[in-house]
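Here is the structure we will look at, set down as structure tokens.
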């Protein structure tokens, strides 16, 4: 019978030890996803949009993508032009903004509005809307608590008969949505005593100083309460809802078909209250001397970790 030599057995045993050692070491070392490609993610200027952009970026990086992030790239017009010109691959957009881009009126049914922008962007721009979040960052009418008590109003229906006596302060992007209230509440911007077009933060100052009585505000603005202002209840649903979703060029999805499975799990985690809380966290870090960009990165990471979407470091 053929006898296996001592040297052969020794070499085989050593080889087995090496293999086992490699397996043990491999089991102890975290696995880093293989690089998949480069994706350019853009975003709008406000803190909420920056948080969404940063979350998309971190989730894609976790999945193995190299991300070219253009945080705070510009306003709605700028980022839309960027995606249609292929300067960026995806960004967070809002349903009512999408309707406005398509020239479609809101149905005031969030799901129908979402389907309308999803179908419209696909057919007109070859852009896909991924899952939308329950977060509603829409427009509202705010006033100071003192003014609300003075006028005896807490709803837009109660405001309607008084608008001719009142001054409205609004950022330029809010005017069209106030005008859109006419079929529902019977007034638009021309119905007010006067309209003051101001930067967003200046509107609150105008009401506080008495230069205006009403201001157009955003539903996720956490400073409304801290400034002792109140939201007038949109009791007849006159404002369309703004639900965010990642929008991605079809040619990018064709190249990287796993993007939806990476980003869609974030959608149900994003509520209006969550947005307000995250923006407050950014503001707190900023007040402590942290740059807005760094604060956004920290808050986005902590939130994703808290939701189990990123591993804890």
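Residues checked against (1) within 28 Å of residue 113 (Cα to Cα); (2) touching a strand residue (DSSP E or B) at 6+ places or on another chain (Cβ under 7 Å):
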site	(1), (2)
143	no, yes
147	no, no
160	yes, no
165	no, no
179	yes, no
207	no, yes
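Among the criteria (1) outside the structural domain of residue 104 (by TED's automatic domain parsing); (2) under 30 Å from residue 123 (Cα atoms); (3) more than 23 Å from the chain's Cα centre (by Cα), the one residue 255 does not fulfil is (1).
Tell me yes or no: at least one residue of the range 297-307 is farther than 25 Å from residue 149 by Cα, assigned to a loop (DSSP other than H, G, I, E, B) and at pLDDT 95 or above. Among the residues of the range 297-307, at least one is farther than 25 Å from residue 149 by Cα, assigned to a loop (DSSP other than H, G, I, E, B) and at pLDDT 95 or above, which makes the answer yes.
Just so you know, in the range 103-131 the residues that are in a loop (DSSP other than H, G, I, E, B) and at pLDDT 95 or above include one that is surrounded by the fewest Cβ atoms within 10 Å (Cβ to Cβ), and it is 126.
Every condition in (1) modelled with pLDDT of 95 or more; (2) assigned to a helix (DSSP H, G or I) holds for residue 100 except the one numbered (1). Checking the stated criteria, residue 150 turns out to be assigned by TED's automatic domain parsing to the domain that holds residue 202 and over 16 Å from residue 237 (Cβ atoms). Scanning the range 175-203 for residues that are at pLDDT 95 or above and farther than 21 Å from residue 97 by Cβ turns up 185, 186, 187, 190, 191, 192, 193, 194, 195, 196.
The values are calculated or read from the model by the stated rules, or taken from the named source; none is laboratory data. On a predicted model such as this, the values are computed, not experimentally measured, just so you know. Note: ideal-geometry Cβ built from the backbone for every residue, glycine included; neighbour counts use all protein chains shown.
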